[in-house]
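The values are calculated or read from the model by the stated rules, or taken from the named source; none is laboratory data. On a predicted model such as this, the values are computed, not experimentally measured, just so you know. No Cβ is skipped: glycine too gets one built from the backbone with ideal geometry, and neighbour counts run over all protein chains shown. For the accessible areas, the whole protein counts, side chains as well, though only heavy atoms, and no ligand, DNA or RNA atoms are used. Shrake-Rupley method; radii C 1.70, N 1.55, O 1.52, S 1.80 Å.
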Amino acid sequence: MIIIRGGRPLSGRVEISGAKNAALPAIVASLLIPEPLVLKRVPRLLDVETQLALVEALGKQVERWGDVITIRGEAKIATAPREIVSRMRASFLCLGPLLARLGEAHVPLPGGCVIGARPVDLHLSGLERLGAKIQVDEGVVHARGKLHGGEVWLRYPSVGATEQLLLAGATIPTRVEIVNPAREPEVMDLGRLLASMGAEVEVLEDRIVIRGGGLHGTEHEVIPDRIEAGTYLLAGAITGGEVELMDVCPEHLTALIAELEGCGVAVRCGENAISVLARENWLGAEVETAPYPGFPTDLQPQLTAFLTLARGRSIIWERVFESRFGHVGELLRMGARITLQGQAIIVEGVEELRGTEVVATDIRAGAALVLAGLAARGETRVKGLEHLLRGYENVEEKLVGLGANAWLEETSAT
Ligand code: UD1
């Protein structure tokens, strides 16, 4: 668990790591080529280790030097181990690349998770449009066939489905057009990586066009983690502190910065830095999560924590996942006043939160509870640490570096 003695304003600088959600598809892209793929600024996180274990299980060799990872060798195995895919949804991205390279792929369904049902129908129908023959049998997706170009319309701009189709498209010498694609910075980063591996990638107003074939090894630096960055911005804000983020892309955080400014928090952006200068008594907000460039669902729990201490009422509409509310019950136990009405989280600001023992149900719920703990009176013990460590590199060091009184403690049930 992580233990926090709250009530100290955070201050200082924090370096932001490479983006987990950009590193995960980039690691899968290594399946497309036998030559070395060198990825830089790869964060040390459980999810990254899981994705590396997946490509190793499929025949690749992995070497790590600090935050640089080299992946090489032929992907020879068409069956993804259930034990790995069941740990993390992003491992399902290996379906398209394995099919393209080996002519067949057998990947277990990633299953639901605590934030919603999270189906993969768009991944499967998209690959079918490109020529895959797909059968789902006893929870395993079996894909066969030779892929060809075509137009795929996504009824929702799913991040994972867009990435799946980009990865497959990079191997197809005729045009693949993804209409209504996701435009998250992590998707664009995958597009840049595939382009530097030799694919032609064009991002147009309503579609992404990719023409592949002739891929080769390359080097690629992963973009900064905008969700980690947003979490530390909110940590500065909720403690009434002064925090500067280093090595970030401010334009990836436009939606959060606008909300913070609307609440009366001063935010200053430099070229690769953002600083937050908080004051007490911030205002509430009305926010709805949406695909990029809208407000990211991955910052909704942390924003909810911040708004529990705002003046007046806030409403946060969760529009991306149907049940991303695992943090709400735990925040209530810390003294927050929140009600759920359908997809709306209605928050009445309170004067203070009180530390207690709470449980993280997923990565971002864990982050929200840490933020609440940093601002709360007394000691907060956040259990379910393994969730937090899936998404936040060196979280203890980074928080302590900003002056937090926080430490990790081993327990039999973290
Ligand atoms: C990715 C991110 C996750 C983030 C999410 C939305 C990674 C590893 N994870 O997840 O952190 O919260 O984007 O920004 O990058 N959907 C379908 N059918 C599909 C696929 C998705 O209905 O085939 C629905 C989902 O149930 C969900 C919505 O689309 O309601 C968004 O999901 P998607 O954009 O695919 O998210 P992920 O790629 O799973």
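Treat the stretch 316-414 as a sphere of radius equal to its Kirkwood radius over Cα pairs and apply Stokes-Einstein at 10 °C in a medium of 1.306 mPa s; give the translational diffusion coefficient in µm²/s, rounded to a whole number.
Values: Rh = 14.2 Å.
In µm²/s, the coefficient rounds to 112.
For Ile77, the accessible area of its heavy atoms, probed at 1.4 Å with every protein chain present, is near 70 square angstrom. Among beta bridges identified by DSSP and lying wholly in the stretch 20-221, the antiparallel ones come to about 75 percent. Met246 exposes around 50 Å² of accessible area when a 1.4 Å probe is run over every protein chain in place. How big is the gap, in Å, between the Cα center of the stretch 324-351 and the Cα center of the stretch 143-176? That distance is 39 Å. Panel note: the C-alpha atoms of the stretch 1-148, placed on their principal axes, show extents of 58, 37, 25 Å (largest first). Pairs of lysines in the chain whose Cα atoms sit within less than 27 Å of one another amount to 15, provided the residues are eight or more positions apart or on different chains. Peptides 286-299, 380-393, ordered by how many other C-beta atoms sit within 10 Å of their residues on average, highest first, read 380-393, 286-299. Highest mean first, the peptides 22-31, 137-146 sorted by other C-beta atoms within 10 Å per residue fall in the order 22-31, 137-146.
Structural descriptor for the stretch 20-221: relative contact order 20 percent, calculated from alpha carbon pairs under 8 angstrom and at least 6 residues apart. Shown are Cys263, Cys249, whose ranking by accessible area with a 1.4 Å probe and every protein chain present, most to least, is Cys249, Cys263.
Divide by every residue of the chain the summed helix terms, -39500 (n - 2.57) for each DSSP H run of at least 4, and state the resulting mean residue ellipticity at 222 nm, rounded to the nearest 500 deg cm²/dmol.
Numbers: 14 runs with 131 residues, N = 414.
So the helix-based figure for the chain works out to -9000 deg cm²/dmol.
Its residue count N sets the reference 2.2 N^0.38 Å, and the alpha-carbon radius of gyration of the stretch 141-252 equals 1.31 times that reference. Accessible surface of the stretch 20-221, 1.4 Å probe: 52 percent of it comes from carbon and sulfur atoms. The listed residues Glu397, Glu184, Glu205, once ranked by accessible area (1.4 Å probe) with the largest placed first, stand as Glu205, Glu397, Glu184.
When you restrict to C-alpha pairs under 8 Å that are six or more residues apart and normalise by the size of the chain, the relative contact order lands at 20 percent. At q = 0.15, 0.19, 0.23 Å⁻¹ the log10 of I(q)/I(0) for the stretch 1-83 amounts to -0.59, -0.81, -1.09, computed by Debye summation with a single uniform scatterer per C-alpha, solvent ignored. Three principal axis extents of the chain based on alpha-carbon atoms, in descending order, are 61, 45, 40 Å. Cα centroids of the stretch 229-302 and the stretch 200-218: how far apart, whole angstrom? Spelled out, the Cα-based centre of one part sits 32 Å from the other.
Solvent exposure of the chain, expressed per residue, is 39 Å² of accessible area, with all protein chains present and a 1.4 angstrom probe.
Structural descriptor for the stretch 294-343: relative contact order 41 percent, calculated from alpha carbon pairs under 8 angstrom and at least 6 residues apart. Rounded to 0.05, the FRET efficiency of the Glu35 and Trp407 pair, given R0 = 45 Å and the Cβ-Cβ distance, is 0.55. Once both labels are positioned 7 Å from their Cα atoms along Cα-to-Cβ, the gap between Arg319 and Arg144 label points is 4.3 nm.
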